[in-house]
Every structure is written in C-alpha cells, then in structure tokens.
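Peer 1: A single structure is presented below for examination.
Bear in mind that the values in this text are calculations on the coordinates, not laboratory data. Treat the numbers as computed from the prediction; the structure is a model and nothing was measured. Cβ: placed from backbone, ideal geometry, glycine included. Neighbour counts: every protein chain shown.
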Amino acid sequence: MTTRPQSRAGVRSSLNFYKTLQSSIDQAYEDRLRNVIDEALFVRKSGTWRSEMHDIEIELEGLREATKSYHEEGLKLLELAQVAHAKYLASNPEKQAKILKCVGSNFVFDGATISATYRKPFDVLAERPSSENWLPGWD
C-alpha cells in the first residue's frame, strides 16, 4: 500500500480500471445467461475480476485515509507555526534550545543575527515567497 497520495491521474486510472472490471463482469454475466460461456469460466473470471476490484477499493480507501491524515497534519503544523514564536519567548533557555534543535540545524551567529538550516517541514514555512510575488500571475 502506498504511503503518500497517488496523483489524480493515477486515481483516475484506478477508477477507470475498476469500471472496466465491472463492465467485464456484467458482460460475462450476459454471456453466461446466453450460454456463450459455461458456468465454470464465468465463476473463475468473475472471481478474479472481483478480487482485482477489491484490491482497488482497498487502495483507494488507503489513499482517502492518507489524504485525510496529510490534511490533519498540515493543519496541526500551521497551528503550531502560529503559536511557536510566543511559546519560544515564554520558555526557559533549555526549552528554547530544545525547540531550536527540533526546528533547525547548522545555526550561525554573525554577531547580530542567527541563521539556520531548517529541518523538514519547517523549511517550507521558512522559505515562504515574498509578499510581492506570493501568487504569481494574479496581478
């Protein structure tokens, strides 16, 4: 099972394949009713197709759960980012050091400011675009 969301095209492809399998079962059922295929072939093929459909259902449910989890984690991260500065300022020096080690590494102090290499996912927040070009193309 995948641990990150599949592309929309991949999901669409899985859904299309699911529909194709369902159509195959429907057609085989029609063929069985008209005695074009025997019961053993129908049972074998429809069982295989249903199994494949079940695998797709499990995959899609896993993707739904992963997407939900990513959204929840993203919200928690944004909520943390909103209060992090205040929590940092209210903490004792040991707690501040622990927060800094969690957020970044390779701290450099130039006599006036501290710069750092941020750890994921804080690097995304730290490298936000400037307000002048935050949404290109929307002038």
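Peer 1: Going Cα to Cα from Lys120, which lysines come in below 29 Å? Please leave out same-chain ones fewer than 8 positions away.
Peer 2: Lys68, Lys76, Lys87, Lys95, Lys98, Lys101
Peer 1: Continuing with the same structure: Counting other Cβ atoms within 10 Å, which trypsin sites (Lys or Arg not before Pro) in the stretch 27-93 have at most 11 and lie in a DSSP loop? Could the numbers behind the result be given before it?
Peer 2: Values: sites: Arg32, Arg34, Arg44, Lys45, Arg50, Arg64, Lys68, Lys76, Lys87; in loops: Arg34.
Sites meeting the loop and neighbour criteria: Arg34.
Peer 1: Using Cβ counts within 10 Å as a stand-in for footprinting exposure, how do Val108, Val11 rank, fewest first?
Peer 2: Listing Val108, Val11 from fewest to most nearby Cβ atoms yields Val108, Val11.
Peer 1: If you don't mind, another one. Tell me, what HN-Hα J-couplings in whole Hz come from the Karplus equation 6.51 cos²θ - 1.76 cosθ + 1.60 at θ = phi - 60° for each residue of the stretch 97-108, using x for Gly and Pro?
Peer 2: Running phi through 6.51 cos²θ - 1.76 cosθ + 1.60 with θ = phi - 60° gives 5, 5, 5, 4, 5, 6, 7, x, 8, 6, 6, 10 Hz.
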